[in-house]
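The values are calculated or read from the model by the stated rules, or taken from the named source; none is laboratory data. Not measured: the values here are computed from a predicted model. Positions of Cβ are backbone-derived with ideal geometry, glycine not excepted, and every protein chain shown enters the neighbour counts. These area figures cover heavy atoms from the full protein model, side chains too; ligands, DNA and RNA do not enter into them. Shrake-Rupley method; radii C 1.70, N 1.55, O 1.52, S 1.80 Å.
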Amino acid sequence: MTATPVRRSARDRLREAQQTEARALKEVDAAVKSRDRAATRLHDADCALARAQAAVVETSGLDRAAYLLDVDRAELKRRVRDTEHADQQGQPAVSMTESSTAGQA
C-alpha cells in the first residue's frame with residue numbers, strides 16, 4: 001500500500017483520481033449488466049424462432065420449410081432436432097447463438 005501524500009494538493013488529486021476511477025467502474029458494471037440483459041433477450045427470441053421454425057417443418061415438411069424459410073436444410077434439421085430434444089428434456093430450446101458459439105469454446 002502506498003503512503004498517503006503529504007501535501008494537500010497531492011491528496012486532492014489522489015481523491016479526485018479515486019472518484020473518477022470509482023465512476024468508471026460503475027459505468028463498466030452497468031454496461032456488463034446491460035449486455036447480460038440483452039443476451040438473455042436475444043436467447044429468448046432465438047428460442048422462440050427455433051420453435052416457430054419447428055412448427056413450419058411439422059406443417060410443411062423439412063424440404064419445403066427450408067425453402068420457405070430460406071434456411072439451410074441441414075441447419076434447419078439440426079435446430080428442429082435440438083428443439084425437440086430440449087422440449088423432451090423440459091429445457092428451453094437451443095438458440096442459434098448457443099449453437100454457433102458452442103464449438104468455439
- prompt: Can you list the HN-Hα couplings for the stretch 77-85, worked out from phi with the Karplus curve (6.51, -1.76, 1.60; θ = phi - 60°), rounded to whole Hz and with x for Gly and Pro?
  reply: 4, 5, 5, 5, 4, 5, 5, 5, 5
- prompt: If you take the beta carbon distance between residue 77 and residue 34 as r and set R0 to 30 Å, what does 1/(1 + (r/R0)^6) give as a FRET efficiency, to the nearest 0.05?
  reply: 0.30
query: For the stretch 50-92, which whole percent of the accessible surface, found with a 1.4 angstrom probe, sits on carbon and sulfur atoms?
result: 47
message: How large is the Rg to Rh ratio of the stretch 19-86 when both quantities use alpha carbon positions and Rh follows Kirkwood?
response: 1.34
